[in-house]
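Trainee: The structure under discussion is supplied below as structure tokens; questions concerning it will follow.
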Amino acid sequence: MEQVNLFENKISQPLAARLRPEDLDEFVGQEHLIGEGKVIRNLIERDQITSMIFWGPPGVGKTTLARIIAKRTRAAFIDFSAVTSGIKEIKQVMQQAEENRKFGEKTILFVDEIHRFNKAQQDAFLPFVEKGSIVLIGATTENPSFEINGALLSRCKVFVLKALTADDLVVLLKRALTDKKGFGDQKIDISEDMLYMIANFANGDARTSLSTLEMVVLNGNVDGSGVTHVTEETLEQCISKRSLLYDKKGEEHYNLISALHKSMRNSDPDAAVYWLARMLEAGEDPLYVARRVLRFASEDIGLADPRAMEIGVAAYQACHFIGMPECTVNLTEAVVYMSMAPKSNSMEKAYMMAAADASKMLAEPVPLNIRNGVTKLMREVGYGAGYKYAHDYEGHITSMQCLPDSLLGREYFVPSENGLEAKYKERLKQIKEWKAAHKDD
């Protein structure tokens with residue numbers, strides 16, 4: 001538990017702590033929440049802060065934003081860790097907040113990793129949140145829907161904070177090099193390419209990026225004129241990564257994901273695993289790779305092997321649950337599975353053809369028979385008239401028309417002969433033949 005005071009010694013603090021933004025103008029990222037006219041900025045400027053939960057990955061500004069809110073709203077700020085605190089500490093904090101309230105002072109209680117509290121600990125906050133003794137701001141890297149009690153969650157507004165982009169992090173790193181709270185009083189020779197390498201290594205985490213910069217500067221070579229030179233060798237040693245795997249403009253990033261995708265499509269597991277390793281060892285976000293693999297499961301495999309999507313979802317969840325470096329083997333399993341699975345692009349082609357028609361025919365009316373007649377007037381004008389509930393018919397199928405008249409007979413799903421899709425092709429053929437034979441029923 002930590003209460004902010006005005007006499008903190010910042011000289012010996014880490015770079016990330018010294019450069020912690022003190023107002024919204026210094027805050028980088030989260031424009032969807034704190035940009036001009038956005039919801040959190042409005043709440044702060046109007047001093048209408050209520051209890052809230054910040055949900056997002058590490059190092060994106062959850063604690064910093066809570067501190068800025070406390071400063072702008074002239075509230076006492078108590079920093080509370082769910083890792084090291086229990087019911088006893090919670091009661092002490094609540095008593096302190098009650099004393100503050102008696103003297104007309106608002107208390108903002110920031111609880112880091114709030115998902116680590118058990119139900120009893122979370123429930124201990126409820127009465128104080130309800131009567132306004134505290135404004136609770138919780139931070140979590142886990143989905144609040146699963147990790148926070150419904151009673152407490154219902155009294156808090158959830159805001160999703162996003163991982164910082166490489167460009168966001170480079171802005172922070174450049175500020176660190178010029179700000180007197182950072183290295184502004186020193187002459188640092190470091191290229192912009194190296195700053196982007198640090199940003200990519202940090203993987204959206206501001207704290208990691210600043211800590212890495214501090215490490216490479218402290219290990220730089222100081223010449224006779226007092227200039228600290230950061231070399232690629234020094235940077236590689238500090239981040240334990242091979243340099244220049246990704247360039248700052250992201251071209252190599254897209255080259256590598258393209259290589260992974262096309263290797264899987266060409267059923268080449270060895271190449272696919274190599275490109276996967278190239279991306280992960282360069283500091284790529286494993287969740288980004290998992291999303292692309294999951295897309296591949298439907299775009300290039302589809303019903304030829306429906307399990308591919310299950311494997312893709314499982315790989316994404318594994319990456320989310322355990323992170324790097326443990327999730328590398330989960331992604332490898334998924335990538336090898338995708339490479340070996342039978343291929344079909346029927347899903348992609350079906351959607352693209354339907355999308356082309358939909359974009360040109362946005363006003364095509366839904367046939368009356370499959371409209372939902374929820375009111376008496378709707379039913380009187382024909383909504384739902386002629387609808388056939390398939391389960392009431394033999395074989396659970398009818399010849400009822402579902403496409404608009406202008407698209408009648410259009411085919412989007414054209415299954416291949418690969419894998420299980422051959423069975424779906426035969427089944428689709430039987431369905432269409434039956435419907436053709438019973439179209440006048």
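The values are calculated or read from the model by the stated rules, or taken from the named source; none is laboratory data. Predicted model, so just to flag it, every value in this text is computed and none were measured. Because the Cβ atoms are built from the backbone with ideal geometry, glycine has one as well, and the counts that use them run over all protein chains shown. For the accessible areas, the whole protein counts, side chains as well, though only heavy atoms, and no ligand, DNA or RNA atoms are used. Shrake-Rupley method; radii C 1.70, N 1.55, O 1.52, S 1.80 Å.
Trainee: Conditions: (1) open to solvent by less than 30 Å² (accessible area, probe 1.4 Å); (2) without any contact (Cβ under 8 Å) to a residue 40 or more places away in the chain; (3) within 38 Å of the chain's Cα centre (by Cα). Residue 370 meets all but one. Number of the miss?
Mentor: (1)
Trainee: Return the only residue of 134, 148, 190 being β-branched (Val, Ile, Thr) and within 23 Å of the chain's Cα centre (by Cα).
Mentor: That would be 148, the only listed residue that is β-branched (Val, Ile, Thr) and within 23 Å of the chain's Cα centre (by Cα).
Trainee: For the range 143-157, enumerate the residues that are touching a strand residue (DSSP E or B) at 6+ places or on another chain (Cβ under 9 Å) and either at positive phi or open to solvent by less than 50 Å² (accessible area, probe 1.4 Å) (or both).
Mentor: 143, 144, 148, 152, 153, 156
Trainee: Shifting gears a bit: Pick out the one residue from 358, 354 that is surrounded by fewer than 16 Cβ atoms within 10 Å (Cβ to Cβ), at pLDDT 90 or above and either within 23 Å of residue 142 (Cβ to Cβ) or of a type in the set (Gly, Ala, Ser) (or both).
Mentor: Criteria check complete, one pass: 354.
Trainee: Among the residues that make up the range 117-128, is at least one of them farther than 23 Å from residue 160 by Cα, touching a strand residue (DSSP E or B) at 6+ places or on another chain (Cβ under 9 Å) and surrounded by 17 or more Cβ atoms within 10 Å (Cβ to Cβ)?
Mentor: Yes, some residue in the range 117-128 is farther than 23 Å from residue 160 by Cα, touching a strand residue (DSSP E or B) at 6+ places or on another chain (Cβ under 9 Å) and surrounded by 17 or more Cβ atoms within 10 Å (Cβ to Cβ).
Trainee: Next question, about the same structure. Would you point out which residue out of 202, 206 is open to solvent by less than 50 Å² (accessible area, probe 1.4 Å), at pLDDT below 85 and under 30 Å from the mean Cα position of the chain (by Cα)?
Mentor: 202
Trainee: Residue by residue through the range 336-351, note down the ones that are buried (at least 16 other Cβ atoms within 10 Å of the Cβ) and of a type in the set (Ser, Thr, Tyr).
Mentor: 337, 339, 344, 346
Trainee: Inside the range 44-63, can you point out the residues that are under 24 Å from the mean Cα position of the chain (by Cα), part of a helix (DSSP H, G or I) and surrounded by fewer than 22 Cβ atoms within 10 Å (Cβ to Cβ)?
Mentor: 63
Trainee: From the list 364, 333, exactly one residue is outside any loop (DSSP other than H, G, I, E, B), open to solvent by 30 Å² or more (accessible area, probe 1.4 Å) and among the acidic types (Asp, Glu). Which is it?
Mentor: 333
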